[in-house]
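Since the structure comes first, as structure tokens, the remarks are kept for the end.
The values are calculated or read from the model by the stated rules, or taken from the named source; none is laboratory data. Remember, predicted model here, so these are calculated numbers, not experimental data. Glycine gets a Cβ as well: all are built from the backbone with ideal geometry, and neighbour counts include every protein chain shown. What goes into the accessible areas is simple: the full protein's heavy atoms, side chains included, and nothing from ligands, DNA or RNA. Shrake-Rupley method; radii C 1.70, N 1.55, O 1.52, S 1.80 Å.
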Amino acid sequence: MKRVSLFSMLLVLLLSACSSSSSGAECKEGICVSIEVESPVQALVPAPFVISIKTEKDISNLGISLYGDRTITILDIEKKPDSAELAYKNDSSMDWWIDTKGGEEYIITGHVILAKPVVSYGIFSYGLIAAAGHPSITRVTDSVTIYLDAEGKQVEENQAKMELETDFPAPTPPPDLTIIPETPFPTIVWPTNTPLPSHTPSPSPSPTVTRTPTLPAYP
């Protein structure tokens, strides 16, 4: 029993050498990253997120990225490691450089805002990705997909996927809208090319010869 318990403890330690506090962490070649967004999510309302990074060994200049599609705006960063150096930032993405110590967990928190859907029916998906990597090692990514209905309220993933597979009818125009059918353009019939009548030149008049009378010789 003692041997079994010792083996179990060693196995747990090996598995936890590269494991984040989130059960959904993605790990590869000694680098782990995870991202979570607190539910429920509402369009235009700040939604808290948490990024967790852990490395098996010390890594200098580990790149950390957060980015989403154009419908997601990064509102703010509440917490980040003191050693994290901001490398790039715009409305929908941020990059940091960080020196990690093996086995330590690094946390980044903040808020994102999801844009409100612009169509009055259907399900809309929003993607947010966290990545960690080093050029000489590997790049690891973890992502979350959030589904909202037309009112901007979060929809459970399984329900959202079922509705996405359903064909929605085209929107019905309002009753006071008058639809004027398009009037086709008239067909233009171009005249055929009729050859011009040939011109026969008139015969030239014969030249008129004037005869001078012969005068009698002078006596």
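Brief remarks follow.
- Considered as a group, the residues in the range 123-140 that are touching a Phe, Trp or Tyr at 6+ places or on another chain (Cβ under 6 Å) and not polar (S, T, N, Q) include one that is surrounded by the most Cβ atoms within 10 Å (Cβ to Cβ), and that residue is 123.
- Filter pass, residue 146 being in contact (Cβ under 8 Å) with a residue 12 or more places away in the chain and under 12 Å from residue 35 (Cβ atoms): yes
- Residue within the range 108-115 that is open to solvent by 20 Å² or more (accessible area, probe 1.4 Å), touching a residue at least 40 places away in the same chain (Cβ under 8 Å) and under 24 Å from residue 32 (Cβ atoms) present: yes
- Qualifying residue in the range 30-45 (condition: over 30 Å from residue 161 (Cβ atoms), out of contact with any Cys (no Cβ under 8 Å at 6 or more places or on another chain) and open to solvent by 30 Å² or more (accessible area, probe 1.4 Å)): no
- Scanning the range 93-121 for residues that are within 25 Å of the chain's Cα centre (by Cα) and either of a type in the set (Phe, Trp, Tyr) or in a loop (DSSP other than H, G, I, E, B) (or both), we see that the one that is nearest to residue 79 (Cα to Cα) is 96.
- The residue pairs whose first member lies in the range 75-104 and is closer than 20 Å to residue 47 by Cβ, whose second member is of a type in the set (D, E, K, R), and whose beta carbons are closer than 8 Å, counting only pairs six or more residues apart or on different chains, are 89/95; 92/69; 92/70.
- The condition (being hydroxyl-bearing (Ser, Thr, Tyr), part of a strand (DSSP E or B), in contact with a strand residue (DSSP E or B) (Cβ under 6 Å, 6 or more places away or on another chain) and open to solvent by less than 50 Å² (accessible area, probe 1.4 Å)) is satisfied by just one residue among 60, 65: 65.
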